[in-house]
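Only one structure is covered here, and it is reproduced in the block below.
Readers should treat all values here as calculations from the given coordinates under stated rules, not as data from a laboratory. Everything quoted here is computed from the prediction, not taken from an experiment. Virtual Cβ from ideal backbone geometry, glycine too; neighbours counted across all protein chains shown.
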Amino acid sequence: MKLTLVQGDITEQPVDAIVNAANSSLLGGGGVDGAIHRKGGPEILAECRALRASRYGGGLPVGEAVATTAGLLPARWVIHTVGPVFSRSEDRSHLLASCYRESLKVADALGAATVAFPAVSTGVYRWPMDDAARISVTTVLRSESNVREARFVLFDFAAYEIFDRVLREFG
Ligand code: AR6
């Protein structure tokens with residue numbers, strides 16, 4: 001699997017699947033989640049509601065992932081995952097790593113060859129960017145997957161620089 005970095009907006013990525021930093025409700029929110037639902041149109045939310053009514057009555061658990069259509073977006077699928085809220089008193093790194101591993105498993109099941117990831121948990125959920133970059137990059141590099149390209153899409157240059165440094169260190 002090739003790991004690439006770009007600075008930009010994940011909703012504009014022409015890849016097979018983009019990953020959404022969702023919350024357990026799957027019913028939308030701010031940040032990446034808000035942008036995906038706003039630009040992708042109501043079809044995504046309709047599928048999310050159907051998932052809540054069927055498989056995920058109690059919500060999508062933290063660290064798990066599930067796919068829907070990408071609606072009007074250039075990608076074909078959105079893979080929704082729920083990152084952990086950062087905590088200084090409890091190590092939740094395994095849950096953040098799980099988001100990447102489970103998203104890649106879903107991508108494999110879909111047959112997605114190219115997948116774009118945001119920096120899950122680094123916005124509203126307050127995970128420090130350098131630590132999140134280390135966890136995300138090492139987890140993806142160690143994952144067994146048929147995905148050809150895993151692309152990290154960083155919203156601002158500061159985040160891009162941190163991921164770039166971490167990738168040079170571990171890649
Ligand atoms: N493209 C790429 N990255 C983005 C974009 C974008 N369009 N928009 C924001 N980012 P966040 P979380 C970056 O808050 O921390 C929502 O309300 C952003 O700068 O989207 O996992 C959900 O519903 C940050 O670095 O996700 C949940 O309730 C990163 O994406 C909660 O926020 C993740 O920020 C999830 O919080």
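Taking other residues whose beta carbon is less than 9 angstrom from the beta carbon of Leu110, and scoring Lys, Arg as +1 and Asp, Glu as -1, yields -1.
With both partners inside segment 1-89, how many of the DSSP beta bridges are antiparallel, as a percent to the nearest 5? Please list the in-between numbers first.
Working: 5 of 11 bridges.
Bridges in segment 1-89 that DSSP calls antiparallel: roughly 45 percent.
Helix 31-40 axis versus longest C-alpha principal axis of the chain: approximately 50°, rounded to the nearest ten.
Counted by neighbouring Cβ atoms within 10 Å, the residues Cys99, Cys48 run from fewest to most as Cys48, Cys99. Among His94, His80, His37, the order by Cβ neighbours within 10 angstrom, fewest to most, reads His94, His37, His80. Rounded to whole numbers, the Karplus 3J(HN,Hα) couplings from phi for segment 109-116 are 5, 7, x, 6, 8, 10, 9, 10 Hz, using 6.51 cos²θ - 1.76 cosθ + 1.60 with θ = phi - 60°, and x at Gly and Pro. Here the chain is assigned +1 on the Cβ of each Lys and Arg and -1 on the Cβ of each Asp and Glu. Its dipole about the Cα centre then comes out at about 220 debye.
Kindly put Ser93, Ser121 in sequence by how many other C-beta atoms sit within 10 Å of each C-beta, fewest to most. Present the calculation step by step, with values, prior to reporting the outcome.
Numbers: Ser93 15, Ser121 27.
Exposure proxy ranking, most exposed first: Ser93, Ser121.
Note: relative contact order over segment 56-171, using C-alpha pairs below 8 Å and six or more positions apart, is 24 percent.
Spatially, segment 132-171 and segment 19-85 are offset by 22 Å when compared through their Cα centroids.
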